[in-house]
1. Can you tell me which of A353, A325 is open to solvent by less than 10 Å² (accessible area, probe 1.4 Å), among the hydrophobic types (A, V, I, L, M, F, W, C), at pLDDT 95 or above and over 30 Å from P252 (Cα atoms)?
2. Can you work out which of the residues in segment 450-462 that are aliphatic (A, V, I, L, M) and either free of Cβ contacts under 8 Å to residues at least 40 places away in the same chain or open to solvent by 10 Å² or more (accessible area, probe 1.4 Å) (or both) is farthest from P321 (Cα to Cα)?
3. Of the residues in segment 308-365, how many are within 30 Å of D245 (Cβ to Cβ) and among the hydrophobic types (A, V, I, L, M, F, W, C)?
4. Identify all residues within segment 99-114 that are in a helix (DSSP H, G or I) and open to solvent by 30 Å² or more (accessible area, probe 1.4 Å); write none if there are none.
5. Can you give me the number of residues within segment 463-499 that are under 26 Å from G319 (Cβ atoms), open to solvent by less than 60 Å² (accessible area, probe 1.4 Å) and either outside any helix (DSSP H, G or I) or at pLDDT below 50 (or both)?
6. Return only the number of the condition from (1) modelled with pLDDT of 90 or more; (2) under 30 Å from A110 (Cβ atoms) that R219 does not satisfy.
7. Would you pick out the residues in segment 243-268 that are touching a helix residue (DSSP H, G or I) at 6+ places or on another chain (Cβ under 9 Å) and under 18 Å from A226 (Cα atoms)?
8. Quick check: is even one residue across segment 310-332 within 30 Å of A384 (Cβ to Cβ), out of contact with any Pro (no Cβ under 6 Å at 6 or more places or on another chain) and free of Cβ contacts under 8 Å to residues at least 24 places away in the same chain?
Amino acid sequence: MLIMKFGGTSVGTGERTLHVARIVQAQRERHPVVVTSAMSGVTDFLLALAEAAANGERTICERVLGDLRARHLEAAQHINPHASWERLSSRLASLDAAVEDALARRDGSAATCDAIASFGELLAVLLVAEALRTLGEPVLAWEEPVIVTDDRFGDATPQMEATRAAVHRALARADLRPIVGRSPDAPTSEYLQDAPAATLVAAGFIGQTADGRPTTLGRGGSDYSAALLAAALDAEACWIYSDVDGVFTADPRVVPDAEVLPRISAAAAGRLSYCGAKVLHPRSIAPVARRGIELRVRNTFHPEQPGTLIEARLEGPRGRPQAVAGRRGLCAVGAVGDGAAEVPGLFGRLCAAILAAQGEIVQSAHPVVGHDPRAIVDETRIEAIVECLRREFAAERAQGQIEEIVVQKRLALCTLLGVQLGHAQLVHAQRALAAQRIKPISQSACPDALSFIIPEADLNRAIVRLHDEIIKPALRSGAERPNRPYLDGAPPAGRARAQGRHGNAS
């Protein structure tokens, strides 16, 4: 079984959605399960729609709803002007009703926001499913979330056992027939005695609580959804399709001559995502890596390209940098005062308060005498973080031990990644930044990543310089290990696929 996830740009128009259907059709022998994002830009419109409804801005709501309806119906007509689009019209009417309800109640709760945001993927499921039908493929559009989560709306946590049960119910509806006497713990491959009667098309990004309330997995969560489904189904592979050829040595929009990495370890890919690379959702790697499932990043618009293979236990060349990444939108926040060093548990309380405000700590520096503690955080929750810190240290501020809570905005994280990087690479990176007159505010080093906090305005120059001086020479210094001798899952000649977790190859 093959999980195929398509991003928003991949299904951004009716023409592109038909192209996606052809890609899926070409893999029918591998029993694909399709996970789709909303059409590009639609989630942003839906979030704006939820905010406008909460503020009672009816005119804005009506305009956005009209634009969304027109865009989806236009795509539908391009996919198949002769199809019955009754389900699509019904789903759009449900969106109208949800917005009307939010308007009437001025409801800006996270639960209502998730409910409205969920429509993007549910509408896309109907478009992708009809595109497959238009090509003559049997298909089941699964019109509810298959990921079961907790009730932390906006950034829900999946519940894997419940998700496994839910996706197996969806497979049963797609008429994947289980073997008689099959154990409940047997691998999903045992469903595949015969070709499935239908290709299952499911929604990414969204989930639902045990009692059926819509949730979302955070921005970019469609990648995560696909990985969770792959793990729940013990799939052979999970392919993430977007509008880039794979994982690059740097952002190609910043470094035009950046190169695609033919393979990368799951650990390195996870660090790249966390450090700002936009190819994969940071949480999408762990579920498949834990189960040894192939994860590959591919380009919808160049499907002939092999993309990047992310391998769970790949050992890269030691001491050789592989990529440089940048993450914007950071702030430094800390407690300043002559008596700060005397405050018991200051650093722990600082971090706890940030987490209590649902902030994300990207990097931190433990204080020593004469140095004030601070943490580098994502700017998204900075106002809530500052307010929480002021409450936490109210007594110390009143006593004069802490003078104020300080914030330094418009910072960025620039990270050089590799395997077993050493002092020589750190010195080289420091000199490269100094040559650009870029002075890091702080830095950290571990064997596989060298990170620098720098002004956001300097990030592009830093990435270009580090790529030119460190990554390019590393690429030239030695050839990569040979590619896997197979691309699409077929074993090389003379080597049988290992049996066990997957059972018989599907």
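1. Details: A325 fails: over 30 Å from P252 (Cα atoms).
Matching residue, one of A353, A325: A353.
2. Filtering segment 450-462 for residues aliphatic (A, V, I, L, M) gives 450, 453-454, 457, 459, 462.
Those left that are additionally either free of Cβ contacts under 8 Å to residues at least 40 places away in the same chain or open to solvent by 10 Å² or more (accessible area, probe 1.4 Å) (or both): 450, 457.
Details: L450: 10, A457: 24 Å.
Filtering segment 450-462 for residues that are aliphatic (A, V, I, L, M) and either free of Cβ contacts under 8 Å to residues at least 40 places away in the same chain or open to solvent by 10 Å² or more (accessible area, probe 1.4 Å) (or both), the one farthest from P321 (Cα to Cα) comes out as A457.
3. 9
4. First, pick out the residues of segment 99-114 that are in a helix (DSSP H, G or I): 99-105, 110-114.
Once the filter is applied, which keeps residues that are in a helix (DSSP H, G or I) and open to solvent by 30 Å² or more (accessible area, probe 1.4 Å), segment 99-114 yields E100, D101, A104, R105, A110, A111, C113.
5. Residues in segment 463-499 being under 26 Å from G319 (Cβ atoms), open to solvent by less than 60 Å² (accessible area, probe 1.4 Å) and either outside any helix (DSSP H, G or I) or at pLDDT below 50 (or both): 1 in total.
6. Unmet condition: (1).
7. Those that are touching a helix residue (DSSP H, G or I) at 6+ places or on another chain (Cβ under 9 Å) and under 18 Å from A226 (Cα atoms): V247, A266.
8. In the first step, residues of segment 310-332 are kept if they are within 30 Å of A384 (Cβ to Cβ); the result is 325-332.
This time we only want the ones that are out of contact with any Pro (no Cβ under 6 Å at 6 or more places or on another chain), so: 325-332.
Checking the rest, the ones that are also free of Cβ contacts under 8 Å to residues at least 24 places away in the same chain come to none.
No, segment 310-332 has no match at all.
The values are calculated or read from the model by the stated rules, or taken from the named source; none is laboratory data. This structure is a prediction, so every number in the text was calculated from the model and none was measured. When we count neighbours, we look across all protein chains shown, and the Cβ atoms used for this are built from the backbone with ideal geometry, even at glycine. Quick note on the areas: whole protein, heavy atoms, side chains included, nothing else; ligands and nucleic acids left out. Shrake-Rupley method; radii C 1.70, N 1.55, O 1.52, S 1.80 Å.
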